[in-house]
Amino acid sequence: MKILQMVDVPWDSGLSNYALVLGQELQKKGHQVWVSTIAGQKPWAKAQRLGLPTVPLATWKSLPRLRQFLKEKQIDIVNAHTGATHSLAVMAALGQRTAVIRTRSDARAVRRSLGSTFLYKRTARVIAAADYIRQDFMQALDLTHDHVVTIYQGVDTTLYHPSPLPEPPILGMVARLDPVKGHRYLLEALALLRPRDAVVRLKIIGQQENTKQAELEALAGRLGVADAVEFLGFQADIPALMRACTIGIIASTGSEAVSRVALEWMASGRPLVATRVGCLPEIVADRGEGILVDPKNTTALAEGLAKLLNDPAATALIAQRARLRAESQFSLAAFADRTLTVYDQALTEFSRRL
């Protein structure tokens, strides 16, 4: 199969990672894959590091060039990962033997627009990165049950090696420093935990974005937990850092349409305390692979952590379940195979209409 993945964001986000990891896995399975993205930006560079051929992102002015590319390469599938690339993909594929797939892996609500009827009548399938996104599509755009499919992103489970849970307990949070990631609530929860569990420590891994590290350090000082918190900034070896932690935490107040870090914690054999946002309630079963709490609720977050800290045997069992679920449900092989099934269905139906 010949496949073009289209993504136009300039940063290495969950959305672009979904597209690029998928492209790499499809290529490993013997398919020809190209990535169309913004030349010189982070997804472009990452695609090239992954060994994926890159194509400069088309614009409306260069649409004829994209149409020519589809024709010359005999592209079977164009998989568009954003609204703008979806519009370009549909127009480029008109009159050609190319089926268009729209993947949605961001947290924005799905909205009907003037052009949506035109676009989705010419879209063979919609892939939602989480079931709540799928439901949004069906309700907002009146798409049929079989037209929209949920496919969760996969993670390379071979990179993550479960190991005994460290003692004394170390909490870990891997997230960019941004208000939506909820660092403030985690630090407040840690302050509530300290009188009951003075030995607990917290590692915060992630680069500065919309929150300065100095602001969080100051907050930790005001809360009296500065001695228990280690800010590590950006780190390349995430698997090693996760092995050094006992419990993973996702304290996000929103977003998490594709929670790569949740899958990484699970693949590492680490129990999660996570907020009920985005896809997290779908991939983390409460008391199965972790504990779910309401967002922006410091007390609930502290109580969720305390339940794990106070019951090491249950925590170890949850950790085992997390790893097993990651292996069985969220491997890269499963991710690619499920996507290929959708591609095959789309091509079969598309061919019948030609």
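Simple rule: put +1 on each Lys or Arg Cβ and -1 on each Asp or Glu Cβ in the range 112-164, find the dipole, and look at Thr144, Phe118, Leu159; the Cα lying farthest toward the positive end is Phe118. Here the label points at Ala313 and Lys42, each 7 Å from Cα along the C-beta direction, are separated by 4.5 nm in the simple model.
For the chain, the mean residue ellipticity at 222 nm estimated from helices alone is -13000 deg cm²/dmol, where every DSSP H run of n ≥ 4 contributes -39500 (n - 2.57) and the total is divided by all residues, rounded to the nearest 500. Stokes-Einstein diffusion for the range 157-329, with the hydrodynamic radius set to the Kirkwood value over Cα pairs and evaluated at 20 °C in a medium of 1.002 mPa s, equals 137 µm²/s. Spatial offset of the range 124-203 relative to the range 33-109 amounts to 28 Å, using the alpha carbon center of each. Treating each Cα of the chain as one equal point scatterer and applying the Debye formula with no solvent, the log10 of I(q)/I(0) at q = 0.13 Å⁻¹ comes out as -0.99. Number of Lys-Lys pairs in the chain with C-alpha atoms under 21 Å apart and a separation of 8 or more places or on different chains: 19. Here's how it looks for Val155: its modeled amide H is under 5 Å from those of Ser331, Leu332, which are all 5 or more places away or on a different chain. What the phi angles of the range 231-239 give under the Karplus curve with 6.51, -1.76 and 1.60, with θ = phi - 60°, is a coupling list of 9, 9, x, 5, 9, 7, 9, 5, x Hz, glycine and proline written as x.
For trypsin sites (Lys or Arg not before Pro), the sites in the range 195-248 that DSSP calls loop and that have at most 16 other Cβ atoms within 10 Å are Arg196, Lys212. Normalised by the number of residues in the chain, the mean separation of alpha-carbon contacts (under 8 Å, six or more apart) gives a relative contact order of 16 percent. The loop-placed GluC sites (Glu not before Pro) in the range 249-354, going by DSSP, include none that has at most 11 neighbouring Cβ atoms within 10 Å of its Cβ. Counting only chymotrypsin sites (Phe, Trp or Tyr not before Pro) that DSSP places in a loop and that have at most 15 other Cβ atoms within 10 Å, the longest clean stretch of the chain runs over 61-233.
Evaluated with a Cβ-only charge set (Lys, Arg +1; Asp, Glu -1), the chain carries a dipole of roughly 1240 debye about its Cα centre, given to the nearest 20. Ranking Thr85, Ser36, Ser62 by how far each Cα lies toward the positive end of the dipole of the chain (charges on Cβ) leaves Ser62 at the top. Computed from backbone phi with θ = phi - 60° and the Karplus coefficients 6.51, -1.76 and 1.60, the 3J(HN,Hα) list for the range 103-118 is 9, 10, 9, 10, 8, 5, 5, 6, 10, 6, 10, 4, x, 5, 4, 4 Hz; x is used for glycine and proline.
No value in this document is a laboratory result; all are computed from the given coordinates. This structure is a prediction, so every number in the text was calculated from the model and none was measured. Glycine gets a Cβ as well: all are built from the backbone with ideal geometry, and neighbour counts include every protein chain shown.
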